[in-house]
1. Would you mind telling me the antiparallel percentage of the DSSP bridges in chain A, rounded to 5?
2. Compute the long axis of helix A:259-272 from its Cα atoms, compare it with the longest principal axis of the Cα atoms of chain A, and write down the angle in degrees, 0 to 90, nearest 10.
3. By the scheme Lys and Arg +1, Asp and Glu -1, what is the net charge of all other residues having a beta-carbon under 11 Å from that of residue B:127?
4. Could you derive backbone 3J(HN,Hα) for the stretch B:197-206 from the dihedral phi with the Karplus parameters 6.51, -1.76 and 1.60 (θ = phi - 60°), listing whole Hz in sequence and x where the residue is Gly or Pro?
5. Give me a single rounded figure for A:202-210: the average over its residues of other chain Cβ atoms within 10 Å of their Cβ.
6. Give me a single rounded figure for A:249-255: the average over its residues of other chain Cβ atoms within 10 Å of their Cβ.
7. Beta carbons within 10 angstrom, averaged per residue: use that to sort the peptides B:64-70, A:88-94, highest first.
8. Is there a pair in A:255/B:62; B:301/B:403; A:157/B:462; A:254/B:147 whose C-alpha atoms are over 32 Å apart, and which pairs would that be?
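Every number here is computed from the coordinates shown, using simple stated rules; none is lab data. From a predicted model like this one, the values you see are computed outputs, not experimental measurements. Glycine also receives a Cβ, built like all others from the backbone with ideal geometry; neighbour counts cover every protein chain displayed.
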Amino acid sequence: MSAEQSASAPIGVQHRPQFGGVDDVLIRLGQAGYLADRATATTVYLADRLGKPLLVEGPAGVGKTELAKAVAAATGSEIVRLQCYEGLDEARALYEWNYKKQLLRIQQGSAAATASGETWDDASDDIFSEEFLLERPLLTAIRRHDPTVLLIDEIDKSDVEVEGLLLEILSDYQVTIPEMGTIHAARRPFVLLTSNATRELSEALKRRALYLHLDYPGPERERDIIVSRVPDIAPALADQIVRTARALRAMELKKSPSIAETIDWAQTLLALGINTLDEAAVKETLGVVLKHASDAAKASGELRLN
Amino acid sequence: MSAQTVETKGLLAHLTGFVNALREAGIPVGVGECVDTAAVLASVDVLNREDLREGLAAVCVKRPAYRLTFDTMFDLWWPLATGDGVALGKGGADGEGDPDADGDPTEAGDGQPDIDAWRDALAKALMDGDSEMLKRLARNAVSQLGKGAAGGGRESYYSYRVMRALSPDTLVAQLLDGLLNKAESERGGMQEQVARQTIRDRLSEFRRYVDAEVRRRVAEDRGKEQVAKTTIRPMADQVDFLRAQSDDLAELRRTVHPLARRLASRLSARRRLGRSGRLDFRRTVRASLATGGIPINTHHKPRKQHKPELVVLCDVSGSVAGFSHFTLMLTAALREQFSKVRAFAFVDTTDEVTSFFTPGEDLPTAVQRIGSEANLVWFDGHSDYGHAFDVFEEKWPEAIGPKTSLLILGDARSNYRDPSLQSLKQMVGRARHAYWLNPEAQRMWGSGDSVATRYAEVIDMKECRTAAQLADFVHDMLPGA
């Protein structure tokens, strides 16, 4: 049994894997500035190889969206992004008809039509054609001929119906437009869905996708990330930042510090010329990593800053 | 592919056996996913065990809660090594009896393992945060120190024996000294707190390795199917609230939190049944200008948000200690989700505890304060549901109104006192929804001093012993929404 014969591969959709192996993924994501761990790399590799969507779930700020950007950079793909929100609908996600243009076409045509004997059927065929179709991200991603990464960001923010909308794309890489028929993908995009797990996603969606639970990185990897993003920082200080951030994350705060915030922290300390993270330094810069007054109060208490 | 026969042994059979074991352990793996596991097997380098593990996990594990069980099963089905560490992987055979393989034999003269040498090696590995070393130590420690007599004259391996022998918890002071460079000024301050957290992380890492190794050894001894049945701890959402241990509770908390969010959205879901609200005439006409006065797109005013209000009434008496911890957990989580939550706790009388759950308040502190500050005991500190309801009706009748959802949490064991059905009836009658979650098995209801069956006639009572059942409750509350 080979990968090409995997269960869900629909016939006719071109699929060209872009990664040669797990190590290849690691190296190329690394070159794109994303230090992945082996689990992440393996999952990305499989999603690419099996041609399946990848659902990445985890707390805010662990680099889910960054991963999609890095995959795009590593494979030389264009990124098409669908940002989900409550109230997102078909017209915003998939496609819409350009009503204004259609109306103009009808008005402009009606005079000519009486002269040339054009029937209603001709006109209606005409106004539901390519020319009047407005592409939204999902349709755009399906129709692109060049390598594409389709990022469906924060799927958990959208209403449940949107998941239903996605199912056709995720399993068969096609979109059905009632007036025009089914549009198949010219080339399979690499689909990456992110979720903060604020609500449980439907089984149907999860069944179609590979799943990666992305959590805060281990201390070594987080230090490497900080050093790679803020090259001027002293490794010892990066180490202190990571350990302090881990202590903060263990406190069950309302908003735990994300990786982006530890990077910000490193930059802040560097800018302030602080070389060691002692009580005074933390007190001064805590606002960079903690975004709630109650969190700051709790952290000060537990870290005995006062 | 040419004509196929059903394989009864070999790799594919092994794989289906693994998938079946996952299903039996409670991880739902569909047929399509089972096929995908085979595709994974074909795609990754099977000799690289971690790649295989992550690959299979990506296909089979769709919820973080399943991950521990999956890892356990994976270790059973794809063991790293056999026996005392005749390695199958690339790690090579490790020396036997040494805390670190290249050290000297650590047996003292009398043939007993030299615990001090072990502890030194462990302390060093913990200090350096050396995962490979910790893994190796765990492996050797289990084979050297973890063996103990099992029933029926057999021997088995136990984590607790390793932990008792090495007692890594007592190393904390020594590790702290090491991490803090023994600088006196740093003790007690922030650095110490940070260092403690680092040590906690590393200790739990070591403990994980030991547990995994023990499972592996036991599996070898008794067969993986047997171990899969007996040694795997139930997943967090299957743990009985009344029997939950402290680390289960931490896990539960993570499960309960999203549930509270879902419960809140379920209760407020009715507002969304019609997707949009009244027609916004102004905006519609304005937009129609673009289409020559034809209102193709209609605009609607957003519906008024129905803010759900919630009254939680929970039993915090000793008989439901495990459950009440959970109920308070749920209450705290709900507190953050609902616009207006009033929490009441009772033993034999009722007191309002809403103020203890200010957002961001630490839960253990809140629970402690409820125990010491709230006025919950009236007579003798044994549950008295009837009196609790009466007091509630007398003091806070205005808390329950037509917009309120009422949630009662308790086992309805009222010590043979008057159940005061009338008060409950009044409360249920005024509320918009009313539910009772009971942590006892349904077959126990009505036995002994339980008045659950009688209350169940008045209020919708649900058995809720595990987080999974709570999830079902949340799911069923508003079908189709």
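1. Numbers: 7 of 25 bridges.
DSSP beta bridges in chain A are roughly 30 percent antiparallel.
2. 50
3. Details: positive: B:124, B:202; negative: B:120, B:128, B:130, B:177.
Net of charged neighbours comes to -2.
4. 4, 4, 5, 4, 4, 6, 4, 5, 4, 4
5. Working: counts 0, 3, 0, 1, 5, 8, 2, 3, 8.
Counting Cβ atoms of other protein chains within 10 Å of each residue's Cβ and averaging gives 3.
6. Details: counts 1, 5, 3, 7, 1, 3, 0.
For peptide A:249-255, the averaged partner shielding equals 3.
7. Numbers: B:64-70: 19.0, A:88-94: 17.1.
Listed from highest to lowest mean packing, they are B:64-70, A:88-94.
8. Details: A:255/B:62 24 Å; B:301/B:403 23 Å; A:157/B:462 30 Å; A:254/B:147 44 Å.
Pairs exceeding 32 Å: A:254/B:147.
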